[in-house]
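Colleague: Handing you this structure, nothing more for now.
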Amino acid sequence: MSEPYVHGYDGRETARLRAQAGTLVDLLHADTQYPAGSRVLEAGCGVGAQTVTLARHSPAARFTSIDISPDSVAAARCAVETAGLANVTLGQGDIFALPFAAESFDHVFLCFVLEHLARPVEALTALIRVLKPGGSLTVIEGDHGSTYFHPDDPAARRVIHCQVELQRRAGGNALIGRQLYPLLTAADLQAVRVSPRQVYVDASRPDLVEGFTRQTFTAMIAGIRATAIEAGVIDAEAFDRGILALHRTTEADGVFCYNFFKGVGLKRLRA
């Protein structure tokens with residue numbers, strides 16, 4: 001996973017990732033549970049925002065969580081220790097050069113990882129190698145093109161496009177959620193199923209107004225301001241106007257919608 005992480009690794013991004021994970025626990029993870037004694041590889045664990053939820057939901061499973069960034073692994077270790085979890089082993093590792101023998105894991109999980117990779121099918125193939133026949137691979141991704149809101153505003157859509165464009169230039173794909181089914185089938189997984197998970201936010205859900213629209217999505221877009229301006233994707237005035245338009249959706253008459261996609265497939269059994 002050598003492509004650059006477009007959002008960076010600072011403390012603000014760590015806080016955003018943890019806010020996102022806390023807000024989306026039920027939406028993304030209510031149906032993710034692993035049997036007692038099973039070995040699960042979490043690839044690209046980042047700061048452990050998803051790790052804590054996974055380990056809590058399956059306390060009798062054993063998780064190995066890796067990330068290419070040593071700083072992220074250190075943050076994840078802190079999160080796991082703070083949560084008092086004893087079923088997680090953390091380490092540094094590259095998805096394209098996994099330090100595990102073939103068929104070492106019963107299940108593989110990755111969340112918000114493929115969007116940052118220029119070679120997503122190759123990454124999936126590398127992960128499938130360490131998965132036992134019949135084991136499951138679960139992947140969750142967003143899709144920035146699925147965003148819509150009220151009041152609609154071209155300035156807001158433009159700053160979202162800045163994120164899409166910067167991720168494209170970095171070798172990633174911020175629209176990858178809609179491609180999960182063909183990606184998983186291209187990697188030769190069987191019984192693939194993909195389900196959309198929509199976040200719908202209006203004033204009747206102040207938890208989502210704060211936790212998702214403000215602290216997760218708008219904070220993510222606001223975080224690329226300097227990079228987008230420096231790259232010539234947008235000027236400062238237009239960027240700031242777009243961020244104000246996104247914040248406008250959090251007012252009493254505002255609505256914000258976004259789709260995540262969750263895909264699950266099984267490794268082919270031996271003939």
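The values are calculated or read from the model by the stated rules, or taken from the named source; none is laboratory data. On a predicted model such as this, the values are computed, not experimentally measured, just so you know. Here the Cβ positions follow ideal geometry from the backbone for every residue, glycine too, while neighbour counts run over all protein chains shown. For the accessible areas, the whole protein counts, side chains as well, though only heavy atoms, and no ligand, DNA or RNA atoms are used. Shrake-Rupley method; radii C 1.70, N 1.55, O 1.52, S 1.80 Å.
Colleague: Go through (1) open to solvent by 70 Å² or more (accessible area, probe 1.4 Å); (2) under 16 Å from the mean Cα position of the chain (by Cα) and name the single condition residue 205 misses.
Modeller: Among (1) open to solvent by 70 Å² or more (accessible area, probe 1.4 Å); (2) under 16 Å from the mean Cα position of the chain (by Cα), residue 205 violates only (2).
Colleague: Looking at segment 163-182 only, could you name the residues that are open to solvent by 20 Å² or more (accessible area, probe 1.4 Å) and within 22 Å of residue 29 (Cβ to Cβ)? Walk me through it before giving the result.
Modeller: Initially, segment 163-182 is screened for residues open to solvent by 20 Å² or more (accessible area, probe 1.4 Å), giving 164-165, 168-171, 173, 175, 178-179, 181-182.
The answer is 178, 179, 181.
Colleague: Give me the pairs: first residue in segment 155-167 and in a helix (DSSP H, G or I), second residue hydroxyl-bearing (Ser, Thr, Tyr), beta-carbon distance under 7 Å, and six or more apart or on different chains, which are they?
Modeller: Note: pairs meeting the criteria are 160/147; 166/227.
Colleague: Going through 245, 203, 226, 236 one at a time, which residue ends up being within 27 Å of residue 117 (Cβ to Cβ) and modelled with pLDDT of 95 or more?
Modeller: Only one candidate qualifies: 226.
Colleague: Just to be sure, is residue 59 out of contact with any Asp or Glu (no Cβ under 8 Å at 6 or more places or on another chain) and under 19 Å from residue 106 (Cα atoms)?
Modeller: yes
Colleague: Among the residues of segment 203-226, are any in contact with a Gly (Cβ under 8 Å, 6 or more places away or on another chain), outside any helix (DSSP H, G or I) and more than 20 Å from residue 143 (Cβ to Cβ)?
Modeller: yes
Colleague: Shifting gears a bit: Just give me the residues in segment 208-218 being open to solvent by 40 Å² or more (accessible area, probe 1.4 Å) and either touching a helix residue (DSSP H, G or I) at 6+ places or on another chain (Cβ under 8 Å) or within 12 Å of residue 159 (Cα to Cα) (or both), in sequence order.
Modeller: Hits for segment 208-218 are 214, 215.
Colleague: What number of residues in segment 183-202 are under 30 Å from residue 134 (Cα atoms) and either open to solvent by less than 10 Å² (accessible area, probe 1.4 Å) or among the aliphatic types (A, V, I, L, M) (or both)?
Modeller: Within segment 183-202, residues that are under 30 Å from residue 134 (Cα atoms) and either open to solvent by less than 10 Å² (accessible area, probe 1.4 Å) or among the aliphatic types (A, V, I, L, M) (or both) number 8.
Colleague: A further question follows. Quick one: count up the residues across segment 227-264 that are under 24 Å from the mean Cα position of the chain (by Cα), under 22 Å from residue 201 (Cα atoms) and not in a helix (DSSP H, G or I).
Modeller: Qualifying residue count for the region: 10.
Colleague: Could you check, for segment 168-188, whether at least one of its residues is among the small types (Gly, Ala, Ser), touching a residue at least 12 places away in the same chain (Cβ under 8 Å) and part of a helix (DSSP H, G or I)?
Modeller: Here is the first cut: in segment 168-188, the ones among the small types (Gly, Ala, Ser) are 170-172, 174, 177, 186-187.
Next, from what is left, pick out any that are touching a residue at least 12 places away in the same chain (Cβ under 8 Å): 170-172, 174, 177, 186-187.
From what's left, part of a helix (DSSP H, G or I): 177, 186.
Taking every residue of segment 168-188 in turn, at least one turns out to be among the small types (Gly, Ala, Ser), touching a residue at least 12 places away in the same chain (Cβ under 8 Å) and part of a helix (DSSP H, G or I).
Colleague: For the condition closer than 19 Å to residue 263 by Cα, at pLDDT 95 or above and touching a helix residue (DSSP H, G or I) at 6+ places or on another chain (Cβ under 8 Å), what is the one hit in 43, 21?
Modeller: Values: 21 fails: at pLDDT 95 or above.
43 is the lone residue from the list that is closer than 19 Å to residue 263 by Cα, at pLDDT 95 or above and touching a helix residue (DSSP H, G or I) at 6+ places or on another chain (Cβ under 8 Å).
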